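Asker: Just dropping this structure here.
The values are calculated or read from the model by the stated rules, or taken from the named source; none is laboratory data. Here the structure is a predicted model, which is why all the values come from computation and not from measurement. Quick reminder, even Gly has a Cβ in these numbers, built from the backbone with ideal geometry, and neighbours come from all protein chains shown.
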Amino acid sequence: MSGVTVIDHPLVQHKLTLMRKKETSTASFRRLLKEISTLLTYEVTRDLDLTVLDIETPLGPMQAPILEGKKLVFASILRAGNGLLEGMLDLVPAARVAHVGMYRDHETLQPVEYYFKAPEDLASRLVIVVDPMLATANSSVAAVTKLKERGARQIRFLCLLAAPEGIERFRAGHPDVPIFTASIDERLNEKGYILPGLGDAGDRMYGTK
Ligand code: URA
C-alpha cells in the first residue's frame with residue numbers, strides 16, 4: 001500500500017503476537033509495549049538526516065556522524081498513545097513530547113478534543129504522531145489536522161496495528177503523512193474495533209475495562 005510501511009522485523013512480529021493473546025496480563029502487555037515501541041522507533045527513524053561533527057577520540061580527531069536538525073517531537077494521541085512514549089523516549093531521550101487529547105465517542109465514533117499541548121516550533125521539527133491503533137482513523141486524522149494548524153509540516157504516523165479502512169481514510173485526509181505499522185489487520189467490526197486486533201489498547205495497557 002502506498003505510503004505505508006509494515007515493520008516486519010521478527011522481534012516486532014513475535015512481541016505483537018504475545019500482545020494480541022487474550023491471556024496476556026496487563027503487566028506483560030505493558031512490558032511488551034515498551035519493548036516493541038523501541039523497535040518501532042528504530043525503524044521510523046531509520047532515514048533521519050545526519051551531519052558531521054568534529055570530535056576527538058582518545059586516539060585522535062575525526063569527523064563523526066550526528067543527527068542533523070532540531071530535536072524530534074513525539075506527539076501522543078491520548079490516552080493509548082502514551083503507552084508507546086516510554087520506549088520511544090528510551091531510544092531518543094532528547095525528543096520533545098506533544099500531547100493531543102482525543103477520545104472516541106463510543107456512539108458516534110467521532111473524535112472529541114479535550115487537550116492539546118505541543119512545543120512552539122513544530123514547523124522546524126519532524127513530528128512522529130503515535131497511537132497504537134489506526135482503526136476508523138477519526139482521531140488520528142483530527143490530531144494531525146490540529147498539529148498542522150499549529151505549524152507541523154513534516155509528520156509521520158506510527159501505530160502498532162492498522163485496519164485497511166483506517167489506512168484509506170488517513171491517507172485520504174493526509175496523503176503527505178507516511179504510516180508505519182507492525183501489521184495491517186483484516187477489517188473493522190461494527191463498533192470500530194480492529195479484527196483480529198488485540199482488543200482495546202488503552203484498557204489492556206492500563207488494566208481498565
Ligand atoms: N482502539 C482500540 O484500542 N482497539 C481497536 O481495536 C480499535 C480502536
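Asker: Looking only at residues in region 75-94 that are part of a helix (DSSP H, G or I) and among the small types (Gly, Ala, Ser), which one is farthest from residue 146 (Cα to Cα)? If you could, list the steps in order and put the result at the bottom.
Answerer: First pass over region 75-94, keeping only residues part of a helix (DSSP H, G or I): 82-91.
Of the ones still in play, those that are also among the small types (Gly, Ala, Ser) are 83, 87.
Numbers: 83: 21, 87: 25 Å.
Per the criteria, the residue is 87.
Asker: Taking strands (runs of 3 or more DSSP E) that fall entirely within region 1-74, which contain at least 2 residues that are hydroxyl-bearing (Ser, Thr, Tyr)? Can you show your working first?
Answerer: Values: elements: 4-6, 50-57, 60-67.
Hits in region 1-74: 50-57.
Residue-wise test of (1) modelled with pLDDT under 95; (2) within 13 Å of the chain's Cα centre (by Cα); (3) on the phi < 0 side of the Ramachandran plot; (4) not hydroxyl-bearing (Ser, Thr, Tyr).
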{"site": "98", "(1), (2), (3), (4)": "no, yes, yes, yes"}
{"site": "103", "(1), (2), (3), (4)": "yes, no, yes, no"}
{"site": "108", "(1), (2), (3), (4)": "yes, no, yes, no"}
{"site": "115", "(1), (2), (3), (4)": "no, no, yes, no"}
{"site": "122", "(1), (2), (3), (4)": "no, no, yes, yes"}
{"site": "127", "(1), (2), (3), (4)": "no, yes, yes, yes"}
{"site": "134", "(1), (2), (3), (4)": "no, yes, yes, yes"}
{"site": "138", "(1), (2), (3), (4)": "yes, no, yes, yes"}
{"site": "144", "(1), (2), (3), (4)": "no, yes, yes, yes"}
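Asker: Now for a different question. Give the residues of region 184-197 that are surrounded by fewer than 16 Cβ atoms within 10 Å (Cβ to Cβ) and of a type in the set (D, E, K, R), sorted by residue number. Before the answer, list the steps.
Answerer: Keep residues of region 184-197 that are surrounded by fewer than 16 Cβ atoms within 10 Å (Cβ to Cβ), which gives 186-187, 189-191, 195-196.
Of everything in region 184-197, those that are surrounded by fewer than 16 Cβ atoms within 10 Å (Cβ to Cβ) and of a type in the set (D, E, K, R) turn out to be 186, 187, 190, 191.
Asker: Filter region 190-204 down to residues that are closer than 19 Å to residue 25 by Cβ and of a type in the set (A, V, I, L, M, F, W, C) and give me whichever is farthest from the chain's Cα centre (by Cα). Lay out the reasoning, then the answer.
Answerer: Applying the first criterion (closer than 19 Å to residue 25 by Cβ) to region 190-204 yields 197-204.
Restricting the remaining residues to those that are of a type in the set (A, V, I, L, M, F, W, C) gives 198, 201.
Values: 198: 16, 201: 13 Å.
Among them, the one singled out is 198.
Asker: Still on this model: Can you tell me which of (1) surrounded by fewer than 21 Cβ atoms within 10 Å (Cβ to Cβ); (2) more than 10 Å from the ligand (Cβ to nearest atom) is the one residue 200 doesn't meet?
Answerer: Against the list (1) surrounded by fewer than 21 Cβ atoms within 10 Å (Cβ to Cβ); (2) more than 10 Å from the ligand (Cβ to nearest atom), residue 200 comes up short only on (2).
This table checks each residue for (1) of a type in the set (D, E, K, R); (2) surrounded by 13 or more Cβ atoms within 10 Å (Cβ to Cβ).
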site	(1), (2)
36	no, yes
52	no, no
66	no, no
82	no, yes
89	no, yes
93	no, no
99	no, yes
104	yes, yes
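Asker: What are the residue pairs meeting all of these: first residue in region 187-209, first residue farther than 18 Å from residue 110 by Cα, second residue near the ligand (Cβ under 6 Å from one of its atoms), Cβ atoms under 6 Å, and 6 or more apart or on different chains?
Answerer: So the pair list comes out empty.
Asker: Any residue at all in region 70-86 that's at pLDDT 95 or above, away from the ligand (no atom under 16 Å from the Cβ) and among the β-branched types (Val, Ile, Thr)?
Answerer: Looking through region 70-86, at least one residue is at pLDDT 95 or above, away from the ligand (no atom under 16 Å from the Cβ) and among the β-branched types (Val, Ile, Thr).
Asker: Which of the residues belonging to region 176-188 are more than 8 Å from the ligand (Cβ to nearest atom) and not charged (D, E, K, R)?
Answerer: Within region 176-188, the first condition is being more than 8 Å from the ligand (Cβ to nearest atom), and the residues that meet it are 176-187.
Across region 176-188, the qualifying residues are 177, 178, 179, 180, 181, 182, 183, 184.
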